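Heads up: the structure comes next, in structure tokens.
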Amino acid sequence: MQRQPTLLSSCARAATAAEARYRITAPPFTRRSSRVIALDERAAAVVEQMQLAGQRWSGGHFLVFDSAVPDDALLRRAAGGTALLSEELDGADTVVMVATAQASAEAASIIGDACAARSIMSAGLVVPEAGPVGEVVSALRPNAMVLVVLQDAADVPEVLSALRV
């Protein structure tokens, strides 16, 4: 059986009225309401540097995990001030945890459990350092739906853009 190549005009052939009814007519993307949470101070430096780099982040709130409090967690806003994790997750549809080798397993667990309870998509980004990242990967794996170990801290903005933060 000989195959014919797919041509650029092949989509034009699927333009009959019968085929057109299967086209998706919804708006392409909705605006996301994302939370980017650094789990440790080195990750906080990466997040703060990225936020100050001048790129526009449509729906992202940048936060730093500070400490666990009973049934919640205290977060620092990158712009200043503090907030409770439970308050920040209200209305959020995506949470991205940014971590280095110094990240706390407790922080990942608290955030991951809170996201799972609210059916919020969670992702973990591990920023490489000189040392091994095996422990932070083990801490994030059960607490993030998506886990990416980056090659360079400069990749964080690209991944956040791909997630539409």
Considering only region 87-102, how many residues are outside any loop (DSSP other than H, G, I, E, B), surrounded by 14 or more Cβ atoms within 10 Å (Cβ to Cβ) and out of contact with any helix residue (DSSP H, G or I) (no Cβ under 7 Å at 6 or more places or on another chain)? 2
What do you reckon, is residue 43 of a type outside the set (Asp, Glu), at pLDDT 90 or above and within 16 Å of the chain's Cα centre (by Cα)? yes
Screening 140, 147 for residues that are under 16 Å from residue 37 (Cβ atoms), part of a strand (DSSP E or B) and of a type outside the set (D, E, K, R) leaves only 147
Breaking point among (1) closer than 13 Å to residue 36 by Cβ; (2) in contact (Cβ under 8 Å) with a residue 40 or more places away in the chain, for residue 108: (1)
Considering each residue of region 71-85, count those that are in a loop (DSSP other than H, G, I, E, B) and of a type outside the set (Gly, Ala, Ser), and give that number. 1
List the number of the failed condition for residue 127; all other conditions in (1) at pLDDT 90 or above; (2) in contact with a Pro (Cβ under 9 Å, 6 or more places away or on another chain) hold. (2)
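The values are calculated or read from the model by the stated rules, or taken from the named source; none is laboratory data. Every value quoted in this text rests on a predicted model; they were computed, and no experiment measured them. In this analysis, Cβ positions are derived from the backbone assuming ideal geometry, glycine residues included, and neighbour counts consider all displayed protein chains.
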